[in-house]
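What follows is one structure encoded as C-alpha coordinates, with my remarks underneath.
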Amino acid sequence: MNRAELADFLRRSRARLGPSDVGLAAGARRRTPGLRREEVAALAGMSVDYYTRLEQSRGPRPSRQMLTALARALRLSEDERDHLFHLTGEEPPRREAASRHVRPGLLLVLDRLHDHPAQVVTDCGEVLAQNAMARALVGDVMSRPPRERNLTRLFFLDPAVRELFPPEDRPEHARGHVASLRAVAAARPDDPEPVALVAELRSASEEFGRLWEEHEVSLRRPGTKRFQHPVVGLLELDCEVLLSHEYHQLLIIHTARPGTESHERLQLLRVVGLQDMTPQGA
(Lines give C-alpha, C1' and ligand atoms only; values in the text may rest on other atoms or scores of the structure.)
Protein backbone atom coordinates (compact mmCIF):
# COMPACT_ATOMS: atom_id res chain seq x y z
CA MET A 1 0.00 0.00 0.00
CA ASN A 2 1.50 3.31 -1.11
CA ARG A 3 0.16 5.59 1.62
CA ALA A 4 1.79 8.79 0.35
CA GLU A 5 0.51 8.37 -3.22
CA LEU A 6 -2.92 7.35 -1.95
CA ALA A 7 -3.14 10.42 0.27
CA ASP A 8 -2.14 12.72 -2.58
CA PHE A 9 -4.62 11.12 -4.99
CA LEU A 10 -7.46 11.42 -2.50
CA ARG A 11 -6.70 15.07 -1.77
CA ARG A 12 -6.50 16.00 -5.45
CA SER A 13 -9.66 14.07 -6.31
CA ARG A 14 -11.53 15.82 -3.50
CA ALA A 15 -10.24 19.27 -4.50
CA ARG A 16 -11.57 19.05 -8.04
CA LEU A 17 -15.16 18.48 -6.92
CA GLY A 18 -17.64 21.12 -5.81
CA PRO A 19 -20.77 20.55 -3.71
CA SER A 20 -23.02 20.86 -6.77
CA ASP A 21 -21.05 18.06 -8.47
CA VAL A 22 -22.30 15.59 -5.88
CA GLY A 23 -25.78 16.98 -5.25
CA LEU A 24 -24.94 19.04 -2.14
CA ALA A 25 -25.86 22.64 -1.37
CA ALA A 26 -22.91 25.06 -1.60
CA GLY A 27 -23.66 26.63 1.78
CA ALA A 28 -21.33 29.25 3.22
CA ARG A 29 -18.35 30.53 1.27
CA ARG A 30 -15.45 28.09 1.32
CA ARG A 31 -11.89 29.06 2.03
CA THR A 32 -10.46 26.32 -0.18
CA PRO A 33 -11.78 24.69 -3.37
CA GLY A 34 -13.33 21.26 -3.41
CA LEU A 35 -15.35 19.16 -1.05
CA ARG A 36 -14.70 19.05 2.67
CA ARG A 37 -13.34 15.88 4.20
CA GLU A 38 -16.53 15.33 6.17
CA GLU A 39 -18.56 15.54 2.95
CA VAL A 40 -16.49 12.86 1.22
CA ALA A 41 -16.68 10.69 4.33
CA ALA A 42 -20.47 11.03 4.43
CA LEU A 43 -20.81 10.21 0.73
CA ALA A 44 -18.61 7.13 1.17
CA GLY A 45 -20.30 5.98 4.38
CA MET A 46 -17.14 6.11 6.52
CA SER A 47 -16.10 8.07 9.59
CA VAL A 48 -14.47 11.48 9.14
CA ASP A 49 -11.55 10.35 11.31
CA TYR A 50 -10.89 7.31 9.12
CA TYR A 51 -10.97 9.34 5.89
CA THR A 52 -8.76 12.05 7.44
CA ARG A 53 -6.14 9.47 8.37
CA LEU A 54 -6.12 8.19 4.79
CA GLU A 55 -5.41 11.71 3.52
CA GLN A 56 -2.66 12.07 6.12
CA SER A 57 -0.84 8.89 5.00
CA ARG A 58 -1.50 7.10 8.28
CA GLY A 59 -4.69 5.14 7.75
CA PRO A 60 -5.03 1.35 7.61
CA ARG A 61 -5.66 -0.42 4.32
CA PRO A 62 -9.25 0.20 3.19
CA SER A 63 -11.42 -2.80 2.38
CA ARG A 64 -12.46 -3.44 -1.20
CA GLN A 65 -15.99 -2.38 -0.30
CA MET A 66 -14.66 0.90 1.11
CA LEU A 67 -12.54 1.52 -1.99
CA THR A 68 -15.62 1.08 -4.17
CA ALA A 69 -17.52 3.54 -1.98
CA LEU A 70 -14.67 6.07 -2.20
CA ALA A 71 -14.56 5.75 -5.99
CA ARG A 72 -18.25 6.60 -6.18
CA ALA A 73 -18.02 9.42 -3.63
CA LEU A 74 -15.16 11.04 -5.55
CA ARG A 75 -16.81 10.42 -8.94
CA LEU A 76 -13.80 8.51 -10.28
CA SER A 77 -13.69 7.10 -13.78
CA GLU A 78 -13.02 3.38 -14.20
CA ASP A 79 -9.33 4.05 -14.87
CA GLU A 80 -9.13 6.26 -11.77
CA ARG A 81 -10.94 3.64 -9.73
CA ASP A 82 -8.44 1.00 -10.85
CA HIS A 83 -5.60 3.37 -9.88
CA LEU A 84 -7.14 3.78 -6.42
CA PHE A 85 -7.18 0.00 -5.97
CA HIS A 86 -3.58 -0.33 -7.18
CA LEU A 87 -2.39 2.31 -4.68
CA THR A 88 -3.71 0.17 -1.83
CA GLY A 89 -2.16 -3.02 -3.21
CA GLU A 90 -5.52 -4.43 -4.29
CA GLU A 91 -6.42 -5.97 -7.63
CA PRO A 92 -9.09 -3.80 -9.30
CA PRO A 93 -12.50 -5.35 -9.97
CA ARG A 94 -12.79 -7.18 -13.26
CA ARG A 95 -14.41 -5.16 -15.99
CA GLU A 96 -17.32 -7.48 -16.53
CA ALA A 97 -20.19 -7.08 -18.94
CA ALA A 98 -22.45 -5.95 -16.11
CA SER A 99 -20.25 -3.33 -14.45
CA ARG A 100 -20.92 -2.12 -10.90
CA HIS A 101 -18.95 1.05 -11.53
CA VAL A 102 -21.28 3.99 -12.14
CA ARG A 103 -19.80 6.48 -14.58
CA PRO A 104 -19.23 10.01 -13.19
CA GLY A 105 -21.53 11.50 -15.85
CA LEU A 106 -24.39 9.25 -14.79
CA LEU A 107 -23.82 10.12 -11.14
CA LEU A 108 -23.87 13.81 -12.08
CA VAL A 109 -27.29 13.37 -13.70
CA LEU A 110 -28.49 11.49 -10.61
CA ASP A 111 -27.32 14.26 -8.27
CA ARG A 112 -29.02 16.99 -10.32
CA LEU A 113 -32.43 15.35 -10.00
CA HIS A 114 -33.23 17.20 -6.78
CA ASP A 115 -37.02 16.99 -7.10
CA HIS A 116 -37.45 13.39 -8.25
CA PRO A 117 -36.53 10.01 -6.77
CA ALA A 118 -33.90 8.33 -8.94
CA GLN A 119 -31.49 5.44 -8.63
CA VAL A 120 -29.01 3.50 -10.75
CA VAL A 121 -29.45 -0.29 -10.82
CA THR A 122 -27.88 -3.10 -12.80
CA ASP A 123 -30.07 -4.96 -15.25
CA CYS A 124 -29.95 -7.80 -12.70
CA GLY A 125 -31.57 -5.52 -10.11
CA GLU A 126 -28.69 -4.49 -7.84
CA VAL A 127 -28.90 -0.89 -6.62
CA LEU A 128 -25.63 0.96 -7.30
CA ALA A 129 -26.55 4.54 -6.35
CA GLN A 130 -29.51 6.57 -5.05
CA ASN A 131 -30.25 10.26 -4.78
CA ALA A 132 -31.72 11.86 -1.67
CA MET A 133 -35.30 11.69 -2.94
CA ALA A 134 -35.00 7.96 -3.66
CA ARG A 135 -33.78 7.38 -0.12
CA ALA A 136 -36.73 9.40 1.18
CA LEU A 137 -39.17 7.35 -0.91
CA VAL A 138 -37.92 3.78 -0.51
CA GLY A 139 -35.21 3.91 2.16
CA ASP A 140 -31.41 3.89 2.05
CA VAL A 141 -30.72 0.68 0.14
CA MET A 142 -27.01 1.54 -0.12
CA SER A 143 -26.68 1.32 3.67
CA ARG A 144 -27.48 -2.41 3.47
CA PRO A 145 -24.72 -5.02 3.03
CA PRO A 146 -23.88 -5.48 -0.69
CA ARG A 147 -25.65 -8.83 -0.86
CA GLU A 148 -28.93 -7.21 0.28
CA ARG A 149 -29.13 -4.47 -2.36
CA ASN A 150 -30.83 -6.48 -5.08
CA LEU A 151 -34.39 -5.30 -5.72
CA THR A 152 -35.68 -8.71 -6.76
CA ARG A 153 -34.22 -10.45 -3.72
CA LEU A 154 -35.61 -7.73 -1.45
CA PHE A 155 -39.09 -7.98 -2.93
CA PHE A 156 -39.37 -11.74 -2.47
CA LEU A 157 -37.40 -12.23 0.75
CA ASP A 158 -38.03 -9.08 2.81
CA PRO A 159 -41.71 -8.75 3.81
CA ALA A 160 -41.23 -5.10 4.83
CA VAL A 161 -40.32 -4.15 1.27
CA ARG A 162 -43.74 -5.24 0.01
CA GLU A 163 -45.30 -2.67 2.31
CA LEU A 164 -43.98 -0.02 -0.10
CA PHE A 165 -46.69 -1.05 -2.56
CA PRO A 166 -50.49 -1.33 -2.24
CA PRO A 167 -51.52 -4.99 -1.78
CA GLU A 168 -53.39 -5.12 -5.08
CA ASP A 169 -50.25 -4.03 -6.98
CA ARG A 170 -47.89 -6.59 -5.52
CA PRO A 171 -48.70 -9.51 -7.87
CA GLU A 172 -47.82 -7.33 -10.87
CA HIS A 173 -44.54 -6.27 -9.28
CA ALA A 174 -43.70 -9.90 -8.56
CA ARG A 175 -44.32 -10.94 -12.16
CA GLY A 176 -42.28 -8.02 -13.44
CA HIS A 177 -39.26 -8.86 -11.28
CA VAL A 178 -39.29 -12.50 -12.36
CA ALA A 179 -39.81 -11.75 -16.05
CA SER A 180 -36.96 -9.22 -16.06
CA LEU A 181 -34.56 -11.59 -14.29
CA ARG A 182 -35.41 -14.37 -16.76
CA ALA A 183 -34.58 -12.07 -19.69
CA VAL A 184 -31.20 -11.16 -18.15
CA ALA A 185 -30.36 -14.77 -17.29
CA ALA A 186 -31.10 -15.86 -20.87
CA ALA A 187 -29.08 -13.02 -22.37
CA ARG A 188 -26.01 -13.80 -20.22
CA PRO A 189 -25.98 -17.59 -19.65
CA ASP A 190 -22.30 -17.56 -18.62
CA ASP A 191 -22.76 -14.83 -16.00
CA PRO A 192 -22.87 -16.49 -12.55
CA GLU A 193 -24.76 -13.63 -10.87
CA PRO A 194 -28.24 -14.11 -12.38
CA VAL A 195 -27.83 -17.91 -12.24
CA ALA A 196 -27.04 -17.78 -8.51
CA LEU A 197 -29.86 -15.34 -7.81
CA VAL A 198 -32.40 -17.53 -9.61
CA ALA A 199 -31.24 -20.62 -7.70
CA GLU A 200 -31.45 -18.82 -4.37
CA LEU A 201 -34.92 -17.40 -4.98
CA ARG A 202 -36.35 -20.65 -6.35
CA SER A 203 -35.21 -22.33 -3.16
CA ALA A 204 -36.31 -19.60 -0.74
CA SER A 205 -39.56 -18.32 -2.27
CA GLU A 206 -42.45 -20.52 -3.34
CA GLU A 207 -44.01 -17.54 -5.12
CA PHE A 208 -40.84 -16.89 -7.14
CA GLY A 209 -40.57 -20.56 -8.08
CA ARG A 210 -44.16 -20.67 -9.30
CA LEU A 211 -43.74 -17.51 -11.39
CA TRP A 212 -40.41 -18.73 -12.78
CA GLU A 213 -42.09 -21.84 -14.13
CA GLU A 214 -44.52 -19.65 -16.11
CA HIS A 215 -41.58 -18.52 -18.30
CA GLU A 216 -42.68 -14.91 -18.78
CA VAL A 217 -40.04 -12.56 -20.21
CA SER A 218 -40.02 -8.78 -20.02
CA LEU A 219 -37.35 -6.13 -19.50
CA ARG A 220 -37.78 -3.19 -17.12
CA ARG A 221 -39.68 -0.52 -19.04
CA PRO A 222 -41.31 2.86 -18.37
CA GLY A 223 -44.69 2.68 -16.69
CA THR A 224 -46.63 3.83 -13.63
CA LYS A 225 -45.96 2.72 -10.06
CA ARG A 226 -47.84 3.35 -6.86
CA PHE A 227 -45.95 3.71 -3.57
CA GLN A 228 -47.54 3.61 -0.12
CA HIS A 229 -45.32 5.96 1.90
CA PRO A 230 -45.86 5.83 5.69
CA VAL A 231 -45.86 9.63 6.06
CA VAL A 232 -47.08 11.31 2.86
CA GLY A 233 -49.43 8.52 1.80
CA LEU A 234 -50.13 7.03 -1.62
CA LEU A 235 -48.09 8.34 -4.57
CA GLU A 236 -48.78 7.43 -8.18
CA LEU A 237 -45.54 8.04 -10.05
CA ASP A 238 -44.45 7.72 -13.66
CA CYS A 239 -41.37 5.51 -13.93
CA GLU A 240 -38.84 6.37 -16.64
CA VAL A 241 -36.05 3.90 -17.40
CA LEU A 242 -32.88 5.09 -19.16
CA LEU A 243 -30.53 2.32 -20.29
CA SER A 244 -26.74 2.41 -20.44
CA HIS A 245 -26.12 -0.41 -22.93
CA GLU A 246 -22.36 -0.67 -22.47
CA TYR A 247 -22.55 -1.02 -18.69
CA HIS A 248 -25.87 -2.89 -18.45
CA GLN A 249 -27.11 -0.25 -16.02
CA LEU A 250 -30.48 1.48 -15.69
CA LEU A 251 -31.22 4.97 -14.44
CA ILE A 252 -34.74 4.77 -12.99
CA ILE A 253 -36.52 8.09 -12.39
CA HIS A 254 -39.91 8.55 -10.74
CA THR A 255 -41.93 11.67 -11.50
CA ALA A 256 -45.42 12.94 -10.64
CA ARG A 257 -47.63 14.82 -13.06
CA PRO A 258 -48.00 18.50 -12.10
CA GLY A 259 -51.35 19.41 -10.62
CA THR A 260 -52.03 15.96 -9.21
CA GLU A 261 -52.30 14.97 -5.57
CA SER A 262 -49.25 12.76 -6.04
CA HIS A 263 -47.25 15.80 -7.19
CA GLU A 264 -48.18 17.66 -4.01
CA ARG A 265 -47.25 14.65 -1.90
CA LEU A 266 -43.92 14.33 -3.70
CA GLN A 267 -43.20 17.96 -2.85
CA LEU A 268 -44.08 17.18 0.76
CA LEU A 269 -41.74 14.18 0.67
CA ARG A 270 -38.90 16.50 -0.28
CA VAL A 271 -39.68 18.63 2.78
CA VAL A 272 -39.92 15.59 5.01
CA GLY A 273 -36.46 14.63 3.77
CA LEU A 274 -34.37 11.70 4.81
CA GLN A 275 -35.88 10.10 7.86
CA ASP A 276 -35.41 6.43 8.65
CA MET A 277 -39.08 5.53 8.40
CA THR A 278 -39.39 3.41 5.27
CA PRO A 279 -38.36 -0.12 4.28
CA GLN A 280 -35.50 -0.46 1.85
CA GLY A 281 -36.33 -1.54 -1.69
CA ALA A 282 -38.20 -0.57 -4.83
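Points worth noting:
- Scanning the stretch 193-231 for residues that are under 14 Å from ASN150 (Cβ atoms) and open to solvent by 40 Å² or more (accessible area, probe 1.4 Å) turns up GLU193, VAL195, ALA196, ALA199, GLU200, ALA204, ARG220.
- Test result for HIS114, in a loop (DSSP other than H, G, I, E, B), open to solvent by less than 20 Å² (accessible area, probe 1.4 Å) and modelled with pLDDT under 90: no
- The set of residues in the stretch 202-213 being in contact with a Lys or Arg (Cβ under 8 Å, 6 or more places away or on another chain) and touching a residue at least 12 places away in the same chain (Cβ under 8 Å) consists of PHE208, LEU211, TRP212.
- The stretch 254-271, subset in a helix (DSSP H, G or I) and more than 21 Å from the chain's Cα centre (by Cα), residue modelled with the lowest pLDDT: VAL271
- All positions within the stretch 70-87 that are assigned to a helix (DSSP H, G or I) and within 23 Å of the chain's Cα centre (by Cα): LEU70, ALA71, ARG72, ALA73, GLU78, ASP79, GLU80, ARG81, ASP82, HIS83, LEU84, PHE85
Condition check ((1) closer than 28 Å to ALA71 by Cβ; (2) modelled with pLDDT under 95; (3) among the aliphatic types (A, V, I, L, M)) across all residues:
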| position | (1), (2), (3) |
| --- | --- |
| GLY139 | yes, yes, no |
| ASP158 | yes, yes, no |
| VAL184 | yes, yes, yes |
| PRO189 | no, yes, no |
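- Pairs, first of a type in the set (Lys, Arg) in the stretch 29-54, second buried (at least 17 other Cβ atoms within 10 Å of the Cβ), C-beta under 8 Å, six or more apart: ARG37/ARG14; ARG37/TYR51; ARG37/GLU55; ARG53/GLY59
- The stretch 92-111 - residue that is in a loop (DSSP other than H, G, I, E, B) and either open to solvent by less than 20 Å² (accessible area, probe 1.4 Å) or of a type outside the set (D, E, K, R) (or both) and, of those, modelled with the lowest pLDDT: ALA97
- Subset tally (residues that are open to solvent by 80 Å² or more (accessible area, probe 1.4 Å) and touching a Leu at 6+ places or on another chain (Cβ under 9 Å)) for the stretch 232-256: 3
- Residue check, GLU246 at pLDDT below 95, assigned to a loop (DSSP other than H, G, I, E, B) and over 24 Å from LEU107 (Cβ atoms): no
- In the stretch 189-217, the residues that are within 16 Å of PRO171 (Cα to Cα), charged (D, E, K, R) and either in a helix (DSSP H, G or I) or in contact with a strand residue (DSSP E or B) (Cβ under 7 Å, 6 or more places away or on another chain) (or both): GLU206, GLU207, ARG210, GLU213
- Residues of the stretch 47-69 that turn out to be over 20 Å from ALA4 (Cβ atoms) and in a loop (DSSP other than H, G, I, E, B), as a count: 2
Condition check ((1) surrounded by fewer than 17 Cβ atoms within 10 Å (Cβ to Cβ); (2) of a type in the set (A, V, I, L, M); (3) under 16 Å from ASP21 (Cβ atoms)) across all residues:
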{"site": "LEU54", "(1), (2), (3)": "no, yes, no"}
{"site": "GLY59", "(1), (2), (3)": "no, no, no"}
{"site": "THR68", "(1), (2), (3)": "no, no, no"}
{"site": "LEU87", "(1), (2), (3)": "no, yes, no"}
{"site": "GLU90", "(1), (2), (3)": "yes, no, no"}
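The values are calculated or read from the model by the stated rules, or taken from the named source; none is laboratory data. The model shown is predicted, which means the values in this text are computed figures rather than measured ones. Methodologically, a virtual Cβ is constructed for each residue, glycine included, from the backbone with ideal geometry; neighbour enumeration extends over all protein chains shown. Note: accessible area is taken over every heavy atom of the protein model, side chains too, but ligands, DNA and RNA are not part of it. Shrake-Rupley method; radii C 1.70, N 1.55, O 1.52, S 1.80 Å.
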